[in-house]
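Presented below is the structure to which this report refers.
The values are calculated or read from the model by the stated rules, or taken from the named source; none is laboratory data. This structure is a prediction, so every number in the text was calculated from the model and none was measured. Here Cβ is always computed from backbone atoms with ideal geometry, including for glycine, and neighbour counts include all displayed protein chains.
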Amino acid sequence: MTPDVPRLDVRALLDALGDPRATETFSPVLGVPLVAVEVPDGAAAAGLAGLVDPSRSAVDVRALPCVVVLVAPDPAVFTGVGHVPLLLGDVLLTDDPDAARPFVAPSDGSAAGLDALTAVAAANPLAASALALLLRSAEGLDVPAGLVAESATYSTLQAGAEFLRWRSGRPVKPAEGSGDRVRVEREGSLVRITLVRSQRRNALDAAMRDALAEAFALVIADPDGRLELRGDGPDFCAGGDLDEFGSRPDPALAHLTRLTRSPARLLHTVAGRATVHLHGACLGAGIELPAFAGRVVAAENTSIGLPEVTLGLVPGAGGTVSLPRRIGRQRTAWLGLSGQRVDATQALRWGLVDRVEEN
């Protein structure tokens, strides 16, 4: 059972935002992790423009600390309205599977999609709101600044009650022994990098992070260098190593460590010369890093998701920077807030991958 969330029409939301205390009315701190706004027709879509008019509302809807979902079963209602109303929702749900960016059409319909969003936001309201706010605020930032904002948010949540609750149910295990995390092969100007931790589904731990940073730096140092990244075993990368999550006692130190040796920043630097080949599970870091590459090729069995909010966190390997540049922040928010995955075909349709090939 998912809790009831405010479901408002545009007029009711405008009235609510006329109150300077609207950020208190719509706040996860006070029990409202998500608000749904119904947009059934063109008049309602046009009315959304009033939400950014300071003469009509005391509070801009983008200042609300909760997740804001616009539900427009037919995206055609926005025809002729302009792009501003589309910027106001963290997720834009529709029933039209052919709707263009930034709309999301869940396979089981917008109503079921809203239920999925509500369930995740209700279970981890602080992380859900943090992701929505981060994606809104980082939209105009360059990559280095966006990575700083993401890391700061991630580290803050590591000290929060939702992540600590998850961590308490999964005790930290002893660090894994030494061993190769990546294999690096050179053929002329091509550097082939392969994740070789297949016994752990190529989960990204600190040792793999450091090895990737070193490998990416090799390509950056060669003006003619090209990079190809793959993963051994049945999965490209099932995300960060859960056994390491929260193992650093100081979130502030973890924040600076994350920025000091950043595979995301290095891969972005060489993006135009980088190709990543995906297959199997590509979760969390397993899609956050590849999305920085200039070319992403996915096998037919590729399954993509961002599960961090269900752990009380936000993506921390660069996903709030890389994915919005490919698919927009609303579709990125859907992946992070719904707990659902997309397959290779959907990823290609969205532009998250550039090509799909046989397994």
Could you grab me the full set of residues in the stretch 326-350 that are touching a residue at least 60 places away in the same chain (Cβ under 8 Å) and under 19 Å from residue 268 (Cβ atoms)? 327, 328, 329, 332
Give the number of residues within the stretch 255-270 that are over 20 Å from the mean Cα position of the chain (by Cα) and among the hydrophobic types (A, V, I, L, M, F, W, C). 2
Residues that are surrounded by fewer than 15 Cβ atoms within 10 Å (Cβ to Cβ), on the phi < 0 side of the Ramachandran plot and touching an Asp or Glu at 6+ places or on another chain (Cβ under 6 Å): does the stretch 162-180 have at least one? yes
Expected single match for of a type in the set (A, V, I, L, M), part of a helix (DSSP H, G or I) and either touching a strand residue (DSSP E or B) at 6+ places or on another chain (Cβ under 6 Å) or surrounded by 17 or more Cβ atoms within 10 Å (Cβ to Cβ) (or both) among 111, 76, 130 is 130
Determine whether the stretch 245-253 contains at least one residue that is within 25 Å of residue 170 (Cα to Cα) and under 18 Å from the mean Cα position of the chain (by Cα). yes
Output the helices (runs of 4 or more DSSP H) that fall wholly within the stretch 235-348 and possess 3 or more residues being surrounded by 23 or more Cβ atoms within 10 Å (Cβ to Cβ), or say none. 263-269, 285-288, 319-327, 329-338
Here are some conditions: (1) touching a residue at least 60 places away in the same chain (Cβ under 8 Å); (2) assigned by TED's automatic domain parsing to the domain that holds residue 262. Residue 135 meets all but one. Which one does it not meet? (2)
With the first residue restricted to the stretch 43-68 and required to be assigned by TED's automatic domain parsing to the domain that holds residue 115, and the second required to be modelled with pLDDT under 85 and of a type in the set (Lys, Arg), Cβ contacts under 9 Å at 6 or more apart or on different chains are 50/56
So which residues in the stretch 15-69 are crowded, with 21+ Cβ neighbours inside 10 Å and out of contact with any helix residue (DSSP H, G or I) (no Cβ under 8 Å at 6 or more places or on another chain), if there are any at all? none
